[in-house]
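Scroll down for the structure; my scribbles are underneath it.
The values are calculated or read from the model by the stated rules, or taken from the named source; none is laboratory data. What you see is a predicted model; the values in this text were computed from it and never measured. Cβ atoms come from the backbone with ideal geometry, glycine included; neighbour counts cover every protein chain shown. When the accessible area is computed, the model is the full protein with side chains, heavy atoms only, and any ligands, DNA or RNA have been set aside. Shrake-Rupley method; radii C 1.70, N 1.55, O 1.52, S 1.80 Å.
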Amino acid sequence: MLYRFADCVLDTQLYTLERAGQRTRPAPKVFEVLCYLIEHRDRVVSKQELCDQVWEGLAISDATLESCLRAVRTAIGDSGQAQRIIQTQRGYGYRFVADVTGETSGSGTAEVSSASPGSLAPL
């Protein structure tokens, strides 16, 4: 699946992120956090849920999670100040707020808005 948002393309099959024409391979946890936030963008994802899903069975510190979120924001060209792609809901968690377009290989493009839950399933 390809997810297009802002000036980024996230490829979940090749595990790559392209931003402004530059393709990179994010660290595994950075990639997983970004995917999880995109897939659950219809709601705020709590810090606890993010930790449980991405670091399954491991206890991590708030600093580790915040460091990973900072790396995600850097990779996609967002910042803790701007929050135009990922918003922090203080005391609750995080929400992916940018408009997203999803595309599967060879089947065209499907518009998926940031308010449509479950719309990231392959077409």
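Could you check region 60-92 and list, in sequence order, the residues that are among the aliphatic types (A, V, I, L, M) and surrounded by fewer than 18 Cβ atoms within 10 Å (Cβ to Cβ)? If the condition is that a residue be among the aliphatic types (A, V, I, L, M) and surrounded by fewer than 18 Cβ atoms within 10 Å (Cβ to Cβ), then I60, A63, A71, A82 are the ones that fit.
Scanning region 23-47 for residues that are free of Cβ contacts under 8 Å to residues at least 24 places away in the same chain and either among the aliphatic types (A, V, I, L, M) or open to solvent by 50 Å² or more (accessible area, probe 1.4 Å) (or both), we see that the one that is farthest from R90 (Cα to Cα) is R23. Scanning region 93-120 for residues that are open to solvent by 50 Å² or more (accessible area, probe 1.4 Å) and at pLDDT below 95 turns up S105, G106, S107, T109, E111, S113, A115, P117, G118. The residues in region 34-61 that are hydrophobic (A, V, I, L, M, F, W, C) and within 17 Å of R73 (Cβ to Cβ) can be counted, and the count is 8. Is it fair to say V54 is open to solvent by less than 20 Å² (accessible area, probe 1.4 Å) and farther than 15 Å from E103 by Cα? In short, yes.
Evaluation of K29 against the conditions (1) over 16 Å from R70 (Cβ atoms); (2) in a helix (DSSP H, G or I) shows that the sole unmet condition is (1). Take the conditions (1) in contact (Cβ under 8 Å) with a residue 12 or more places away in the chain; (2) open to solvent by 60 Å² or more (accessible area, probe 1.4 Å); (3) part of a helix (DSSP H, G or I); (4) of a type outside the set (S, T, Y); Q13 misses just one of them, which is (3). On the given criteria, is S67 within 25 Å of T16 (Cβ to Cβ), among the small types (G, A, S), free of Cβ contacts under 8 Å to residues at least 12 places away in the same chain and not in a loop (DSSP other than H, G, I, E, B)? Yes; evaluated as a whole, the condition is true for this residue.
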